[in-house]
Amino acid sequence: MKMNGNQSYDEFIKGIWRDNPVFVQVLGMCPMLAVTNSAINAIAMGGATFFVLVGSSFLVSSFRNWIPKQVRISCFIIIIATFVTVADYTLLALVPKVHKELGAFIPLIVANCMILGRQEAFSSRYPVRLAVLDAMGMASGFLIALLSLGAIRELLGDGALFGVNLFGANFEPWVIMILPPGGFLTLGVILLFFNWFKLKKDEFLAEVAEAERSGS
Amino acid sequence: MDNLPWIFISALLVNNFVLTYFLGLCPFLGVSSSLETSARLGLATTFVMLVTAVCAWVLNTYVLVHAPYLRLICFIVVIASTVQFIEMLIKKLSPALFRAMGIFLPLITTNCAILGLAIFATNRGYGFLEGIVYALGAGIGFTLALVLLAGLREESELSDIPKLIKGTAMNLIIAGILSMAFMGFAGLFSST
């Protein structure tokens, strides 16, 4: 049982850092860049994706023995599309203002390759509990990525965070950051940081291995 | 009728699907390593977009008036199966064209630019002809962005770039600069 607990924890945590869907696997880019011009939009998008991913992972995993292999992709897509429709109408009812800003990008969650990828790679093969944990981890990782990008862009482009002005009237906003090019540039720089981190880690591990070899 | 050229230019340059709406980024970053592949993918995407525009119009006019909440599911299922059907048809009728488009046809079905096109066209209430012109503009715009990035990436293969920046990070920064260049086209429409 001990090992089982560890495995569950691992399935959850890997989506947040080691296999982060955005920063490491570079999936789900379209919603990622399109809606992250403010932190609040990022949260709405991340929340909707969280709901869709966890819901469809649960269903796909529950039905995994009944879905025929040949038509599995279509089945996944229909399940995902159902959840997206629910999320779309829920957001419309609860927060019409945010829904209006996100516009066509809520229905476009269907085409988020990360969601379909998780169904194909994980949920259709593992029991419900692990599938839901994996989905929650991946969705949290996605949410964190969206939020960090949205916060950076809103901070630089608007001088505000969640609509609250932080720098006072003298701040000259860096408008390009909330326009489309800013999305590409910010994500590029973040990926650069991740590359650098990985390179340093590899160098460090190589040094440790070297030291161990010369020591023994 | 006079707004047709504007719809075309708008979808092609001002509101370029890739560089302004961030649609279809997966193939944009994934496949754009060589010029020839990019051009073929662009051709296939434009073709699928045209088919999608027709499908979306038919669905909107005859089926979805009674059940708008089924829009998303209908769109995705109909588009996916139509593309599959057309793939088989092209394979039978014109093997040369099929070879040119190759494996890209099925992959394109899950490209968000396709679904995005259908949804945008619906939201703006485009008619049959407007939808087709919009699809043509969007498809050529997609090809343009893809070919531009592929050209820049091929050039960058020959230059001495730090190992750290190579890969997706560099592509994103190139895309950012391209996107800035495309922002210049916004001046084409002073009134809208």
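Every test in (1) within 25 Å of B:G30 (Cβ to Cβ); (2) among the polar types (S, T, N, Q); (3) modelled with pLDDT under 85 is passed by A:S38 save one, and that test is (1).
If you check A:E203, A:E207 for being within 14 Å of chain B (Cβ to nearest Cβ), of a type in the set (D, E) and closer than 27 Å to A:D19 by Cα, only one passes: A:E203.
The residue list B:L19, B:L4 contains one member that is surrounded by fewer than 17 Cβ atoms within 10 Å (Cβ to Cβ) and in contact (Cβ under 8 Å) with a residue 40 or more places away in the chain, which is B:L4. For the range A:159-177, the criterion of being within 24 Å of A:V24 (Cβ to Cβ) and part of a helix (DSSP H, G or I) is satisfied by at least one residue.
Listed by position, the helices (runs of 4 or more DSSP H) inside the range A:56-158 whose residues that are of a type in the set (D, E) and within 25 Å of B:C26 (Cβ to Cβ) number at least 1 are A:72-94, A:96-102, A:128-158. Restricting the range B:1-27 to residues that are at pLDDT below 80 and not in a loop (DSSP other than H, G, I, E, B) leaves a set whose member that is farthest from the other protein chains (Cβ to nearest Cβ) is B:P27. Filtered by the rule that a residue be within 20 Å of B:R40 (Cβ to Cβ) and either away from chain A (no Cβ under 14 Å) or exposed (fewer than 12 other Cβ atoms within 10 Å of the Cβ) (or both), the range B:69-91 gives B:I86, B:E87, B:M88, B:L89, B:I90, B:K91.
Failed condition for B:T45, given (1) assigned to a helix (DSSP H, G or I); (2) surrounded by fewer than 18 Cβ atoms within 10 Å (Cβ to Cβ), with all others met? Every listed condition holds for B:T45 apart from (2). Among the residues of the range A:82-130, those that are β-branched (V, I, T) and surrounded by fewer than 21 Cβ atoms within 10 Å (Cβ to Cβ) comprise A:T82, A:T85, A:V86, A:T90, A:V95, A:V98, A:V128.
All of (1) assigned to a loop (DSSP other than H, G, I, E, B); (2) without any contact (Cβ under 8 Å) to a residue 60 or more places away in the chain hold for A:G188 with one exception: (1). Of all the criteria given as (1) without any contact (Cβ under 8 Å) to a residue 60 or more places away in the chain; (2) touching a Phe, Trp or Tyr at 6+ places or on another chain (Cβ under 8 Å); (3) surrounded by fewer than 15 Cβ atoms within 10 Å (Cβ to Cβ), the one not satisfied by B:G176 is (3).
Mind checking which residues of the range B:119-165 are of a type in the set (D, E, K, R), closer than 19 Å to B:S33 by Cβ and either surrounded by 19 or more Cβ atoms within 10 Å (Cβ to Cβ) or in contact with a Leu (Cβ under 7 Å, 6 or more places away or on another chain) (or both)? Of everything in the range B:119-165, just one residue is of a type in the set (D, E, K, R), closer than 19 Å to B:S33 by Cβ and either surrounded by 19 or more Cβ atoms within 10 Å (Cβ to Cβ) or in contact with a Leu (Cβ under 7 Å, 6 or more places away or on another chain) (or both), namely B:E154.
Would you mind stating whether A:D202 is over 17 Å from the mean Cα position of the chain (by Cα) and surrounded by fewer than 17 Cβ atoms within 10 Å (Cβ to Cβ)? Here the answer is yes, as A:D202 does meet what is asked. Across the range A:131-148, what is the number of residues that are buried (at least 24 other Cβ atoms within 10 Å of the Cβ), more than 10 Å from the chain's Cα centre (by Cα) and of a type outside the set (G, A, S)? Total satisfying the criteria: 1.
The values are calculated or read from the model by the stated rules, or taken from the named source; none is laboratory data. Remember, it's a predicted structure, so these values are computed and weren't measured experimentally. Note that we place each Cβ from the backbone using ideal geometry, even for glycine, and neighbour counts take in every protein chain shown.
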